[in-house]
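The values are calculated or read from the model by the stated rules, or taken from the named source; none is laboratory data. All figures in this text were calculated on a predicted structure; none of them were measured in a lab. Positions of Cβ are backbone-derived with ideal geometry, glycine not excepted, and every protein chain shown enters the neighbour counts. For accessibility, only protein heavy atoms count, side chains too; no ligands or nucleic acids. Shrake-Rupley method; radii C 1.70, N 1.55, O 1.52, S 1.80 Å.
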Amino acid sequence: RRNFLYIVPYEYAHKNQSVNIEVTDNIELDWSKYVVSTSKTATPNVAISNGLENKNITGLTGDYYIVVKACDKLNNCNQINSDIYKFDNANPGIGNISVTPNASTKKITSTVTVTDNVALAKYEIYNSSGTKVVDQPISGTSYNVSYQQNAAGTYKLRVYDHLNNYSEKSFTIP
């Protein structure tokens, strides 16, 4: 009896992942099932047609396994799981933006902490006419953004993670 599972795990997070699952047996395959789960001991519940499944996994955030179980006509069964897959479809978080005037420099400083569950990539700031005035690469899962300006108006902060998930928040400089 041979049950074979072909899955290429990724160390870094992805928005989606195409997976090929192939189950074979040297006698005769009776049935096979799989499940995408946060637990590597989950019970497979999705039938694999003719021992071959091409699955495009989308819309998940977090760490997942693919668990496969197959049995042959003699009721010899085997259950195996993949290495971990990391998915990230969550937008970065933007805290409350504080706006503080500085009398000596006549500039106003806006500060905020931005976060992401996997990895931040950059932030952008747009002025009230929609022109990008800052395009700054960043890294890590938390970063303190500070922006100085002496022109009044409404600005927009847009923060991206490594997969281009993004969040934005407007703030006003009086």
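Tabulated data
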{"item": "Proximal lysine pairs, segment 15-174, alpha carbons under 20 Å, eight or more residues apart or interchain", "result": "19"}
{"item": "E124, E53, ranked by accessible area, largest first (probe 1.4 Å)", "result": "E53, E124"}
{"item": "Shape of the chain, Cα gyration tensor, a/c cut at 1.5", "result": "prolate"}
{"item": "Solvent-accessible ranking of D88, D83, D63, largest area first, probe 1.4 Å", "result": "D83, D63, D88"}
{"item": "Quotient of C-alpha Rg and 2.2 N^0.38 Å, computed over segment 36-112", "result": "2.13"}
{"item": "L52 accessible area, assembled protein chains, probe 1.4 Å, Å²", "result": "90"}
{"item": "With all protein chains modelled, accessible area of T41 [1.4 Å, Å²]", "result": "110"}
{"item": "Environment charge of F87, counting only residues whose C-beta is closer than 11 Å and scoring Lys/Arg +1, Asp/Glu -1", "result": "0"}
{"item": "Accessible area of K132 in the full protein assembly, 1.4 Å probe (Å², nearest 10)", "result": "90"}
{"item": "Farthest positive-ward along the chain dipole, Cα basis, beta-carbon charges - from I21, N117, N102", "result": "N102"}
{"item": "FRET efficiency, A151 to T105 (Cβ-Cβ, R0 22 Å, nearest 0.05)", "result": "0.95"}
{"item": "Contour minus Cα-Cα distance for N164 and L74 (0.36 nm per residue)", "result": "27.5 nm"}
{"item": "Point-to-point label distance, D30-S139, nm (Cα→Cβ direction, 7 Å offset)", "result": "5.3"}
